[in-house]
1. What is the sum of charges around residue E:69, taking Lys and Arg as +1, Asp and Glu as -1, for the other residues whose C-beta is under 15 Å from the C-beta of residue E:69?
2. Of all DSSP beta bridges located in the protein assembly as shown, what percent are antiparallel, nearest 5?
3. Taking each residue in C:40-51, count the Cβ atoms of any other chain within 10 Å of its Cβ, then average. What number comes out?
4. Mind listing the long-range amide H neighbours of residue C:23? Cut-off is under 5 Å, sequence gap 5 or more, other chains count too, H placed in the peptide plane at 1.01 Å from N.
5. May I ask you to evaluate 6.51 cos²θ - 1.76 cosθ + 1.60, the Karplus curve with θ = phi - 60°, for each residue of region B:51-57 and list the ³J(HN,Hα) values in order in whole Hz, giving x for glycine and proline?
6. Determine the per residue accessible area of the protein assembly as shown with all protein chains present and a 1.4 angstrom probe, expressed in square angstrom.
7. Can you give me the long-range amide H partners of residue D:82? Hydrogens built in the peptide plane at 1.01 Å from N, cutoff under 5 Å, separation of 5 or more residues or another chain.
8. Explain nothing, just compute: Karplus ³J(HN,Hα) = 6.51 cos²θ - 1.76 cosθ + 1.60, θ = phi - 60°, for every residue of region E:37-46 in order, whole Hz, x for Gly and Pro.
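The values are calculated or read from the model by the stated rules, or taken from the named source; none is laboratory data. Values in this document were obtained by computation on a predicted structure and should not be read as measured data. FYI the Cβ positions are ideal-geometry reconstructions off the backbone, even for glycines, and counts take in every protein chain you see. Surface areas here come from the heavy atoms of the whole protein model, side chains and all, with no ligands, DNA or RNA. Shrake-Rupley method; radii C 1.70, N 1.55, O 1.52, S 1.80 Å.
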Amino acid sequence: MLVGKIIGTVTATRKDEALVGAKLLITQPLDMKGNEQDNPIIAVDTVGAGVGEIVLYVSGSVAPYAVRKHEVPIDAAIVGIVDRIDLMK
Amino acid sequence: MLVGKIIGTVTATRKDEALVGAKLLITQPLDMKGNEQDNPIIAVDTVGAGVGEIVLYVSGSVAPYAVRKHEVPIDAAIVGIVDRIDLMK
Amino acid sequence: MLVGKIIGTVTATRKDEALVGAKLLITQPLDMKGNEQDNPIIAVDTVGAGVGEIVLYVSGSVAPYAVRKHEVPIDAAIVGIVDRIDLMK
Amino acid sequence: MLVGKIIGTVTATRKDEALVGAKLLITQPLDMKGNEQDNPIIAVDTVGAGVGEIVLYVSGSVAPYAVRKHEVPIDAAIVGIVDRIDLMK
Amino acid sequence: MLVGKIIGTVTATRKDEALVGAKLLITQPLDMKGNEQDNPIIAVDTVGAGVGEIVLYVSGSVAPYAVRKHEVPIDAAIVGIVDRIDLMK
């Protein structure tokens with residue numbers, strides 16, 4: 001999993017039926033110190049994440065597990081809201 | 001998922017049977033400001049996307065879910081037409 | 001999917017049983033203008049592709065679908081011969 | 001698989017139900033000489049790994065196999081504690 | 001698949017049960033001319049490969065197919081010993 005920050009939303013009226021009702025959040029990957037790294041991706045929210053929050057997200061074919069539906073064409077999903085990051089000194 | 005722009009089509013007469021009838025669209029990945037990033041990929045259309053449109057697409061082994069067929073050898077599929085991108089100020 | 005050019009073959013006598021008879025083609029990824037990009041990969045042929053041909057190939061866990069066998073340990077497969085690439089003007 | 005060093009932990013109170021009780025470890029990928037490479041990822045522990053330990057971890061959709069639960073949305077898991085790395089001279 | 005050279009071994013006493021008995025080989029990816037590219041990965045051997053040999057390996061969730069066991073948390077496996085690489089002139 002990676003840590004990211006929700007920086008926006010994507011709206012798509014015409015879309016795969018399985019995505020109807022899905023909240024599509026623009027997620028900026030962060031390193032462990034909170035710096036941006038790589039380009040944002042679009043992840044489906046499953047934990048009530050909002051813009052500005054720091055989240056934990058999964059990528060790839062495990063993403064559909066987060067929405068508890070089979071065979072949904074999504075490849076990224078938010079699976080947690082990050083409360084704390086503890087780095088070894 | 002990523003956002004991309006449809007910039008062309010690929011024609012392949014000799015191909016896997018499961019791909020017969022599939023529309024193969026050249027998709028240029030974009031960042032959230034509309035700039036091109038990385039190289040284009042070929043995605044199967046499932047939402048009636050056309051050249052010039054901004055789309056949402058999935059990569060990897062969830063792509064077959066978008067075509068509602070099992071065991072189709074595709075690794076990218078267009079799952080939505082992007083209407084709006086709202087970035088946090 | 002990506003577009004690539006077949007630039008050679010790999011021979012492996014000692015190999016996974018499921019690969020016996022598989023044609024292992026060295027595939028050079030190309031961009032949409034025909035320039036080489038990234039390093040070649042080895043893909044299993046399923047459409048009768050030959051050295052010098054421009055092909056469409058899939059990567060990842062959907063590759064076994066192309067050989068119509070379950071649980072074959074391959075992660076790339078050629079699924080079409082490219083006839084034409086039309087890029088938007 | 002890759003070798004990494006556990007450099008911290010992530011706490012997420014609000015999260016996917018399937019992740020309740022999972023230990024989320026910040027894992028810094030290492031090369032075979034122990035140098036850091038790429039950015040840290042978050043992996044679920046399944047072998048009792050602790051901060052400071054050198055581990056073996058998997059990425060992608062095989063990660064749920066490590067937690068012996070089906071359909072858990074995790075894409076990285078620690079599967080071993082590294083005792084020794086022997087490099088060819 | 002990629003071509004790599006076995007450059008060492010990893011020993012992990014405490015590990016996922018499904019990995020007991022697995023030979024963990026450090027595999028250096030090579031380009032088609034035999035030059036090293038990218039960082040080594042750890043792959044499970046299934047063909048009797050030894051240090052110094054040039055192999056063909058798969059990555060991702062098809063790797064468990066090579067060990068003929070279901071739900072084994074491995075993401076790379078050696079599936080062949082390379083005898084010859086023929087590059088187009």
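1. Overall, the nearby charge balance is -4.
2. If we restrict to bridges inside the protein assembly as shown, about 95 percent are antiparallel.
3. 3
4. Under 5 Å from the amide H of residue C:23: C:45.
5. My calculation for region B:51-57 gives 4, x, 7, 9, 10, 10, 9 Hz in order.
6. Per residue, the protein assembly as shown has an accessible area of 41 Å².
7. Distant-sequence amide H within range of residue D:82: D:54, D:55, D:56.
8. Once θ is set to phi - 60°, the couplings for region E:37-46 become 9, 6, 8, x, 10, 9, 10, 7, 7, 9 Hz.
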